[in-house]
Structures are given as C-alpha cells and as structure tokens.
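The values are calculated or read from the model by the stated rules, or taken from the named source; none is laboratory data. Note that the structure is predicted; figures quoted are calculated from it, not measured. We place every Cβ from the backbone using ideal geometry, glycine too, and count neighbours over all the protein chains shown. Each accessible area value is taken on the protein alone, full model and side chains, heavy atoms only, with ligands, DNA and RNA left out. Shrake-Rupley method; radii C 1.70, N 1.55, O 1.52, S 1.80 Å.
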Amino acid sequence: MEWPLTVHTESPDGTKAVAAAIAPRCRSGDVVLLIGDLGAGKTVFAQGFAAALGVEGPVTSPTFTLMRQYECAAWAPVETLMHADVYRTGSLPEVLDLALAELVEEQAVAVVEWGDMAAAVLGPDTLSVTLRVPESSASDAATARDITITGHGNWAGRCDELASALSLLQPTAAP
Ligand code: ADP
Ligand code: MG
C-alpha cells in the first residue's frame, strides 16, 4: 500500500474506530497531526485515540490550555498522550519545541489539532490525518466524513500494517 490511506466514516463512533486502529501503532515520539475545519471531528478523533490507549476520564478540547497530558494504560505502547490544539497559540514554536523534547523522554505520543499550522516545527515522523465533510452531504447535521491519512518519516514502514487495520473496519472500501 502507499500513502495516502483513505477511509469513510458515517458517525462519530466510526471516526473513533479509525483513531483506535491507528493508536496501537504509535511509538514514543510520534506526532499525529489532525487537520480539518471547525467541527470536522478532530477532537472526536482524539477521544477515540485516547480511549484506545486506555486513557481514563474525559478528553476535552484543549483550546484554552494549548496542551493536555494524559496517562495511558500500562499495556499501551506509550506511557503518555499529549493532546494539543494550536489554533489560537501565538508562540507556537517555543511551546512545541519544549513539548517535543519531553515527548521522547516521557515515552509519549502527541495528537495535535490544527496540526498543519505546526507541521514545520513538529519533526519528521508525523502522521497527518485530514477530516472532511464530503461535499455531497454538507449540512450541519451531516455525519459522513472522509478521512485521509499520510505518514511521513518513520511511518513509512507502518503503511501496510495500518492499511490492513483500517480495512478490517471497512472490508468493502476501495483499494
Ligand atoms: P473539531 O475538533 O474538528 O473542531 P469536534 O470533534 O469538536 O470537531 O466536533 C465534531 C462534531 O461533529 C461533533 O459534534 C460530532 O458529534 C459531529 N460528528 C458527526 N459525524 C461525525 C463523524 N463521522 N466523525 C466525527 N464527528 C462527527
Ligand atoms: Mg477540536
């Protein structure tokens, strides 16, 4: 398989399931960039991602705190999940440089909403996940999403594995 991988979901739970297929394949120091308009489902994705790492308690939008840190379950591949929302930040590079150094030291993975704004400072080993409401269903009540996933850096070796995990969710998806 080659990047990008594309999947379609029909509900928030479907988007959480996509996140849950990705989360176990993360390694310490990985950064997942979430890209998409307001309401696209970035926070919903982060919630599914956190649940799949055994994070307990609610995962809410970190908009006003920039970054929240959660402890993962003992069986998870990483000890810590960092959830950031960089939409409003004015001092992006400083904050993220610090956080990135911490990431590897603390056996952490980061999920960054509006990650395309921060891609330049987030290092080479990123997975970008773009969420979109399909044009055919653009209304406030629309629950369909197209999700496009592209790995960079050390994600290259995980493309096949990720593709098969995602195809289990969608056995009829086009190749
Ligand atoms: P963002 O963080 O991108 O601004 P949120 O995750 O906070 O967006 O909100 C997404 C909204 O869209 C939620 O109210 C969620 O219930 C709704 N929604 C409907 N369908 C989906 C779907 N397939 N995937 C994700 N969210 C969905
Ligand atoms: Mg959000």
Could you please let me know if GLY14 is open to solvent by less than 40 Å² (accessible area, probe 1.4 Å), without any contact (Cβ under 8 Å) to a residue 24 or more places away in the chain and away from ligand 2 (no atom under 16 Å from the Cβ)? no
Do you know which residues across segment 17-41 are open to solvent by 10 Å² or more (accessible area, probe 1.4 Å), charged (D, E, K, R) and touching a Leu at 6+ places or on another chain (Cβ under 8 Å)? ARG25
What number of residues within segment 63-75 are within 16 Å of ligand 2 (Cβ to nearest atom) and either within 16 Å of VAL109 (Cα to Cα) or part of a helix (DSSP H, G or I) (or both)? 4
Name, by its number, the condition in (1) in contact with a Leu (Cβ under 8 Å, 6 or more places away or on another chain); (2) of a type in the set (Lys, Arg); (3) open to solvent by 60 Å² or more (accessible area, probe 1.4 Å) that does not hold for ARG132. (1)
Within segment 1-11, of all residues that are surrounded by fewer than 20 Cβ atoms within 10 Å (Cβ to Cβ) and within 14 Å of GLN170 (Cβ to Cβ), the one farthest from ligand 2 (Cβ to nearest atom) is MET1
Just checking, does segment 80-87 include any residue being at pLDDT below 95, closer than 17 Å to ALA46 by Cβ, outside any strand (DSSP E or B) and open to solvent by 40 Å² or more (accessible area, probe 1.4 Å)? yes
Go through segment 107-124 and give me each residue that's of a type outside the set (A, V, I, L, M), open to solvent by less than 10 Å² (accessible area, probe 1.4 Å) and out of contact with any His (no Cβ under 9 Å at 6 or more places or on another chain). GLY115
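Per-residue answers, yes or no, for (1) more than 8 Å from ligand 1 (Cβ to nearest atom); (2) in contact (Cβ under 8 Å) with a residue 12 or more places away in the chain:
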{"residue": "ILE22", "(1), (2)": "yes, yes"}
{"residue": "ARG25", "(1), (2)": "yes, yes"}
{"residue": "LEU38", "(1), (2)": "no, no"}
{"residue": "THR43", "(1), (2)": "no, yes"}
{"residue": "ALA50", "(1), (2)": "yes, yes"}
{"residue": "GLY54", "(1), (2)": "yes, yes"}
Can you pull out the residues in segment 146-166 that are open to solvent by 40 Å² or more (accessible area, probe 1.4 Å) and closer than 23 Å to VAL55 by Cβ? GLU161
Any residue at all in segment 34-47 that is more than 12 Å from ligand 2 (Cβ to nearest atom), modelled with pLDDT of 95 or more and hydrophobic (A, V, I, L, M, F, W, C)? no
